[in-house]
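A quick write-up on the structure given underneath.
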Amino acid sequence: MISFPQFLQILASNPFLAVVMVLILGTIFVNGSTDAANAIAEPVGTRSIGVNEAIAMSVVCNFVGLVAMSFISTAVADTMSGMVDFGGDTHAALIALAAATVGIVAWGVGAWIFGIPTSESHALIAGLTGAALAVHGGLGGVNMGEWVKVVYGLVLSTVLGYLAGWGIAKLIPVACRNADRRRANDFFGRMQVVGAAGVALMHGAQDGQKFMSTAMVAIALAANMGVSDVGGFPLWIEVLCAGVMALGTAVGGKKIIKTVGMSMVQLDKYQGFAASISATASLLVATLTGLPVSTTHTKTAAIMGAGAAENVRSVNWAIAKDMVLTWVFTFPGCGLIGYLLARLFLVLF
């Protein structure tokens, strides 16, 4: 396992690694501003918690989620690190990785400007794949056995998230039909905050591992080592990635919270709880099985399911459609950007 002093030695021998690491940390920061904020949006929309308190909770939970899950399972990180191969030329590989991260940051910033909670996870996967295609000139750099897990995860995140949110939101009114309405509302308001904390924990565990694995790939390349030779993920890289993600949420989270928690659908507190607990359970299953799913997809699908359980018209489907279109274009869009930038960077550098 690479210690921090060893990392500094690698950095000194290959200064271009510093550029790549800054770019990767930039993608993590953008992820914190978009995906992490989406995880805590709906309790703000139901006024169960204030915006600033929700952001503070997300900062803590994302940090703890990444570090704690890394001690339990690194299955998602392992899937990501084996998804693409940049070839044996270390310099060309680092250049391609830098190009991919530039594209990811540009895509994420654009989505943030418009307040659309795009999936940074899928942007990362697509950007890395496009860059690997540019290096190899074909599919030789893509491990389809690992890449297919993205498809499984996409289905899981949308279908399971929506159905679970819809089902739990249908079940709660039946189970609580004899309860005092005001007390039940207060209870689900508190539980909704707990559920949102669970989603934030799982966001750190899922997305944090994806970006952490990318950083370790860069370090391994700079050290002329294989990813399997690195020996795991040291605590210092976990803390660094978790800290930058938390900072991104603190700085830029309000814009995404407004779109998802206040504009897309107006939820009652029990529906917000249903969405959060559904998303948390779906993300936990995916994380433990090594499926790199989108936290944004999972949570937003659960919110739409919970809202539609009472009345399909309660969901602002126009905003939902904009989100879906963004998700659809993420793979080809970021893949093409990663490919073109990698080709350009390989010529220039």
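The values are calculated or read from the model by the stated rules, or taken from the named source; none is laboratory data. Keep in mind that what you see is a predicted model, and the values were worked out from it rather than measured. Counting neighbours? That spans all protein chains shown, and the Cβs are built from the backbone with ideal geometry, glycine included. Remember, those area values only see protein heavy atoms, side chains included, never the ligands or the DNA or RNA. Shrake-Rupley method; radii C 1.70, N 1.55, O 1.52, S 1.80 Å.
What the table shows:
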item: FRET efficiency for Leu344 and Ile113, using Cβ-Cβ distance with R0 set to 25 Å, rounded to 0.05; result: 0.60
item: Kirkwood Rh (inverse of mean 1/r, distinct Cα pairs), the chain, angstrom; result: 20.0 Å
item: Pairs from Lys170/Lys210; Lys149/Lys269; Lys210/Lys269; Lys170/Lys299 whose Cα-Cα separation, in the structure shown, is over 25 Å; result: Lys170/Lys210; Lys149/Lys269; Lys210/Lys269
item: Whole-number accessible area per residue in Å² for the chain, which is evaluated in the context of all protein chains at 1.4 Å; result: 39 Å²
item: Trypsin sites (Lys or Arg not before Pro) restricted to the stretch 171-248 and DSSP loop, no more than 10 other C-beta within 10 Å; result: Arg177
item: Distance histogram for the stretch 11-154 (every C-alpha pair counted, 5 angstrom bins, percent rounded to whole numbers); result: 2, 9, 15, 17, 20, 17, 11, 5, 3, 1, 0
item: Where Tyr270, Tyr339 fall by accessible area, highest first, once all protein chains stay in place (1.4 Å); result: Tyr339, Tyr270
item: Test item: Cα-centred dipole of the chain, Lys/Arg +1 and Asp/Glu -1 on Cβ, debye; result: 1120 debye
item: Equivalent ellipsoid, the stretch 163-213 (semi-axes from 5 times Cα gyration tensor eigenvalues, Å); result: 31, 13, 5
item: Gained length - Thr289 relative to Met144, 0.36 nm times residue gap less alpha-carbon distance; result: 50.5 nm
item: Where labels lie 7 Å past Cα in the beta-carbon direction, separation of Phe329 and Val155 in nm; result: 2.7 nm
item: Paramagnetic reach from Asp229 (point 7 Å along Cα→Cβ, amide N under 15 Å) across the stretch 1-24; result: 1-2, 10
item: Amide H within-cut-off set for Val84, under 5 Å, with H built and near neighbours excluded; result: Asn143
item: Sum of -39500 (n - 2.57) over DSSP H runs of 4+, divided by residues of the chain (222 nm, nearest 500); result: -26500 deg cm²/dmol
